[in-house]
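So the structure is just underneath, and the comments pick up after that.
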Amino acid sequence: MKLRNLLLSCGFMFLGLAAFAQDDFPKFEVAVDYSYARFSPSHTYIKNSYSLNGGGGSFDYNFDKYFGVKAELEGYGSNTQNFSAPAGTTFCPNGCTANVQGNLFTYLFGPQVGLRTGRFRPFGELLFGGAHSNVYGNISKIPGITTGSKAPSLNAFAMTVGGGLDIVLNHSGSIALRAGEFDYLYTRFNTSSINATGQSAQSSFRYQAGLVFNF
């Protein structure tokens, strides 16, 4: 009888440990990443989207194995694009042509949902915050451009929505590979003073990959 009770107790103990292990999840996640943005300036006289390469990191606090909050910082190096506006435009009466450099920084915060246990950990996110870029400010400095008192701001509202997949690399689960994260990036730089169509929103694509450290 005592042996039977002992075996039953051990059985319940192992079941409890297994259940605990299944519910175990990292409270904190710190990621470092490479980031690629296919930035669309949405400007009449910068015709094409262009590639920006950079990187950054993020910090997550998980309330449980499905839901958390995320703070993220990303920066992208300068890229040179040709700007050419014909004579007769409101902001450039005599015509303007120049090569313009532009960078991009984003700082975002919001909820993250997904599965934060097991080896394969898919996730989705919706982040809000701000962006900073000098591209529109540099355009406003081209000789011949007249912006008056409406020079474009270097800062804007930003939002991203998307998701990705983390793959745990070690037995303890402390290190994971961010195999890929694919996001839609929306920014709202006001370019009305240097843009014939007065557009003030930019829709871009973003990809990230890197390492995630779980605690």
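Percent relative contact order of the stretch 122-168, based on C-alpha pairs within less than 8 angstrom and at least six residues apart?
60
Once the Cβ-Cβ distance between residue 67 and residue 141 is put in as r, and R0 is 45 Å, what FRET efficiency do you end up with, to the nearest 0.05?
My answer for the efficiency is 0.50.
Could you give the size of the charge dipole of the chain about its Cα centre, using +1 on the Cβ of each K and R and -1 on the Cβ of each D and E, expressed in debye and rounded to the nearest 20?
100
Of 191, 146, 106, which has the largest mean-square fluctuation in a 10 Å C-alpha GNM of the chain?
146
Tilt of helix 2-23 relative to the longest C-alpha principal axis of the chain, in degrees (0 to 90, nearest 10)?
Around 0 degrees separate the two axes.
With labels modelled as points extended 7 Å from the Cα through the Cβ direction, what inter-label distance (nm, one decimal) is found for residue 174 paired with residue 119?
Output for this residue pair reads 2.0 nm.
Please give the calculated 222 nm ellipticity per residue for the chain, where each DSSP H segment of at least 4 residues contributes -39500 (n - 2.57) and the sum is spread over every residue; nearest 500 deg cm²/dmol?
-4000 deg cm²/dmol
With contacts defined as alpha carbon pairs under 8 Å and 6 or more residues apart, what's the relative contact order of the chain in percent?
RCO, the chain: 20 percent.
In percent, how large is the relative contact order of the stretch 116-215, given Cα pairs closer than 8 Å and 6 or more residues apart?
Details: 211 pairs, mean separation 27.1, N = 100.
Normalised by residue count, the contact order of the stretch 116-215 is 27 percent.
How far is it, in nm, from the label point at residue 165 to the one at residue 184 when both lie 7 Å from their Cα along the line to the Cβ?
2.2
Could you work out the pair-distance distribution P(r) of the stretch 116-215 from its alpha-carbon pairs, with 10 angstrom bin width and percents rounded to whole numbers?
Bins of 10 Å from zero give 14, 32, 22, 16, 11, 4, 0 percent of pairs.
In a Debye calculation with equal point scatterers on the alpha-carbon sites of the chain and no solvent, what is log10 I(q)/I(0) at q = 0.08, 0.14, 0.17 Å⁻¹?
After summing over all Cα pairs, the log10 values are -0.40, -0.84, -1.06.
Neighbouring Cβ atoms within 10 Å as the yardstick, rank 136, 186, 66 fewest first.
In order of increasing Cβ crowding within 10 Å: 66, 186, 136.
Each value in this text was obtained by applying a stated rule to the coordinates, not by laboratory testing. These numbers were taken from a predicted model, which means no experiment stands behind them. Cβ coordinates were reconstructed from backbone atoms using ideal geometry, including for glycine residues, and neighbour counts include every protein chain displayed.
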